[in-house]
Amino acid sequence: MVRDAKINVHHLTRVEGHGDIVAEIRDGRLEDVKFAVVEAPRFFECFLQGHSYEEVVHIAPRICGICSVSHKSAALKATESALSVEVSRQTRLLRLLAFNGEVIGSHILHAYFLALPDFFDAPSVFPLVQTHKDSVLRGMRLKRLGYDICEVVAGRHTHPVGMIVGGFTCVHSEDDLIALRERIVQGLEDMKETVRLYKSITIPQFERETEYVSLTHPDRYPFYEGAIHSSEGRTISTSDYRTAIREYVVPHSTAKHAKWNRREYMVGALARVNNNFKLLSPTARQAARDLGLEVPCHNPFMNTVAQVVESMHCLEDCVDLIDEMLSHGLVARDESVRVVPRAGVGIGVVEAPRGILFHEYGYDDDGVCIAANHVIPTAQNLANLEADMREYVPQILHGTEEHITHQLEMLVRAYDPCISCSTHVVHLTVR
Amino acid sequence: MPSSSKPKAAFFDFACCEGCQLTVLQLEETLLDLLEHVDIVTWREVMTGESESYDVAFCEGSITRERDVERIKKIRETAGILVTLGSCAGIGCHNAVRNKWPVEELLQKVYGTEEVVSDAIPARPITAVVPVDYQVLGCPISLPEFVSVFKHVLTGRKYYPPNQPVCVECKLNDYLCVYEKGMICLGPVTRCGCNAICTSRGDACHGCRGLIENANLNAMVKVFTEMRKLHPIMDAVADRHRPTLEQIRRRFAVYNNWPELKLERGTTHGA
């Protein structure tokens, strides 16, 4: 039982970017707990202004190395909307394919290499190479497969090549897609084994009902397209995002927080699964049931399990996408459409692995960027994360200080925060 | 070999997308082979725990705050060998695009009218703050070059980054020159070592690995601004774009901002 403690986790490990957990317990009561973001400022929305549309979509994925395909896709969609560019059916399918590859790579990175060590009481994946070698190698195979899907479509995963406004500058041959399809089918076995691995793990029990926000779509699980949906029962067009999602500054945090219908909401894999369960593939739905994920699920620790479920779905969806492309015949050349610059404003919304992502750009007559806005998943999750921490800590005060600290670290990791992404997030002292 | 005799390696990140670390993680099984030769003692993104002492520091990102200047100096003092990963650390990359605005103005843009105190400084590469022993350039780094530099570090050999333009690798691979498609490509003045990955996919080189030594920039500007007269291959570019000096400056500024380039319209010979 902890009566008095000051918990300070400086630069939480095994997350992307720099954040601190600070908690104060006095007389057996939680006084304060927060997740402070201390990432260096990068000012993307400022310095994109003055660059041409071609340069904007080149630079935007550099916001984040883990979710660069998501940022690329959001920037392309926003820019194509602003410049009234229509892409081909093949381009859309290839983008969906690359998107699945990124989701698989990112989720597996988190499920196997960032989160998993906690469940085996290890400080990192490196000791697991000795004790759980099969699992580590399986994680590596699956992660590589995810990134190789991106590589076939766009040259590499981190900062994809050849994805330009209007389409692809290069499309690989049908043979490459057929070879990739074979590997994906083999990868499904590894994915089933991953479900068994996660079935053997005990996820902390903690529930707090909250609002879940994600894209939604009439007939496909929405990563790349759809309308904005809240579990509070509201669905709005992506063009209305500013009327719904409010970013605001809070005195104790250097990062902007966000709200819609409630005081906070959650985005990411769990939000998507909660809002779109029926659209998951049958195997993915079965995996969810096997792993005890029943919707609506209000346990944030289950976000990692939702990532495993989504990885299964994405692998299967890749097979369907490849089959669809092969049935139409692949145009294996530069198939990008000619773009004529014009003035306009466009919004691009996608589901990055960590949640709903908004890019908005304004361009002048010459296609030069005059305004940019990004709303990043991790920034949207911060208010919800802190609300979870406030409710969770009193439930675990019976443990040691070390236990409380570790549980808080695991809770933050379950959100899989991507702090470099949070371009809004600036560490400043407001005087 | 007992583990204590292995060199200790540490990974650190400054302002960046952390894509270079992730690229190293994409070595997958090969990373396990590297671990036979070094002990990784600090790597915040993938492991809990850190060490005060290490022999080799791998650092990515740009220096954008006063406190980061102190941090990189301490890393430099501690590490026998400092290796930078990526163009943020090597040439400033996109981070330094913002240097054309004063820091106060940027803070104003982000925080509106509120008065703020920040230790933000003009962004610069690590190479501009402390001496660096090895550089792996690129946005992101290329894995074959990383592995090569890693071997050079282990065996104590000096590594010389290639000093030919991307065009050399592009031609050796027999890729189509993207000028023929009307794209603005910076391959002729950009340092190779990427195996021309962007032009291999029919995309243009944006200059992520920085300039070759003694790059004739003004000749490059002349190629773009007076291209029709120079060579028929440039007709496609001329048809599609009529680049002004300002547009060419902007294209160079996607990566090459530190130090600021002085570009002038075709005033030199040699184009």
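With +1 on each Lys and Arg Cβ and -1 on each Asp and Glu Cβ, and nothing else charged, work out how big the dipole of the range B:166-252 is about its Cα centre, in Debye to the nearest 20.
So the dipole magnitude of the range B:166-252 works out to roughly 240 debye.
Towards the positive end of the charge dipole of chain A, with charges on Cβ (+1 Lys, Arg; -1 Asp, Glu), say which of A:Tyr147, A:Phe301, A:Ser237 has the farthest Cα.
A:Phe301
Add +1 for every Lys or Arg and -1 for every Asp or Glu among the other residues with Cβ under 10 Å from the Cβ of A:Val87, and state the total.
+1
Could you give the angle, 0 to 90 degrees to the nearest 10, between helix A:377-395's Cα long axis and the longest principal axis of the Cα atoms of chain A?
That works out to roughly 20 degrees.
If r is the Cβ-Cβ distance from A:Ala179 to A:Asp240 and R0 is 45 Å, what FRET efficiency results, to the nearest 0.05?
Between A:Ala179 and A:Asp240 the formula returns 0.55.
Once all Cα-Cα distances of the range B:166-252 are split into 10 Å bins that start at 0, what whole-number percent is in each one?
Spelled out bin by bin, the range B:166-252 gives 18, 53, 29, 0 percent.
Rounded, prolate or oblate: which one fits the protein assembly as shown, using the alpha carbon gyration tensor with axes a ≥ b ≥ c (rounded when a/c is under 1.5, else prolate when a/b beats b/c, else oblate)? Can you show the working numbers first?
Working: a/c = 1.43, a/b = 1.29, b/c = 1.11.
Rounded shape, in that the Cα axes give a/c under 1.5.
Distance between Cα centroids, the range A:10-57 to the range B:230-245: provide it in whole Å.
Cα centres, the range A:10-57 to the range B:230-245: 44 Å.
Work out the count of Lys pairs in chain A where the Cα-Cα distance is under 27 Å, with the pair 8 or more places apart or on different chains.
20
On C-alpha positions alone, give me the angle between the axis of helix A:303-328 and the longest principal axis of chain A, in degrees, nearest 10.
Helix A:303-328 sits roughly 10 degrees off the main axis of chain A.
Would you mind calculating the gained length between B:Glu70 and B:His231 on full extension (0.36 nm times residue separation, minus the Cα-Cα distance), in nm to one decimal?
Stretched out fully, the B:Glu70 to B:His231 stretch lengthens by 52.9 nm.
Search the structure for amide H atoms under 5 Å from the amide H of A:Gly367, placed 1.01 Å from N in the peptide plane, and list their residues when 5 or more places away or on another chain.
A:Arg342
For a quick check: with amide H placed at 1.01 Å from N, whose amide H comes under 5 Å from A:Leu330's, ignoring anything fewer than 5 positions away on the same chain?
none
Show me, for the range A:160-167, the HN-Hα J-couplings you get by feeding each phi into the Karplus relation (A = 6.51, B = -1.76, C = 1.60, θ = phi - 60°), rounded to Hz, glycine and proline as x.
x, 10, x, 8, 10, 4, x, x
Highest mean first, how do A:78-89, B:16-27 rank when packing is the count of other Cβ atoms within 10 Å averaged over residues?
B:16-27, A:78-89
Over all residues in B:87-99, what is the mean tally of Cβ atoms on other chains that come within 10 Å of each residue's Cβ?
Across B:87-99, the average partner-chain Cβ count within 10 Å equals 3.
Between B:Glu180 and A:Glu189, what's the calculated FRET efficiency when r is the beta-carbon distance and R0 is 30 Å? Round to 0.05. Don't skip to the answer; put the middle values down first.
Numbers: r = 45 Å, r/R0 = 1.50.
The computed FRET efficiency comes out at 0.10.
Given the range A:5-414, report the % of alpha carbon pairs whose separation exceeds 29 Å.
Of all Cα-Cα distances in the range A:5-414, 44 percent exceed 29 Å.
If you take the square roots of the eigenvalues of the alpha-carbon gyration tensor of chain B and sort them as a ≥ b ≥ c, do you get rounded (a/c under 1.5), prolate (a/b over b/c) or oblate?
Since a/c reaches 1.5 but b/c is at least a/b, the shape of chain B is classed as oblate.
From the phi angles alone, apply the Karplus equation (6.51, -1.76, 1.60; θ = phi - 60°) to the range A:60-71 and give each ³J(HN,Hα) in whole Hz, x where the residue is Gly or Pro.
So the Karplus estimates, Gly and Pro as x, are 3, x, 6, 4, 8, x, 7, 10, 6, 5, 5, 5 Hz.
Which far-off residues, 5 or more places away or on another chain, put their amide H under 5 Å from the one on A:Phe168, with H placed in the peptide plane?
Distant-sequence amide H within range of A:Phe168: A:Glu335, A:Ser336.
No lab work stands behind these numbers, since they all come straight from the coordinates. The structure displayed is predicted, hence computed values, not measured ones. As a convention, Cβ positions derive from the backbone with ideal geometry for all residues, glycine included, and neighbour counts pool all protein chains shown.
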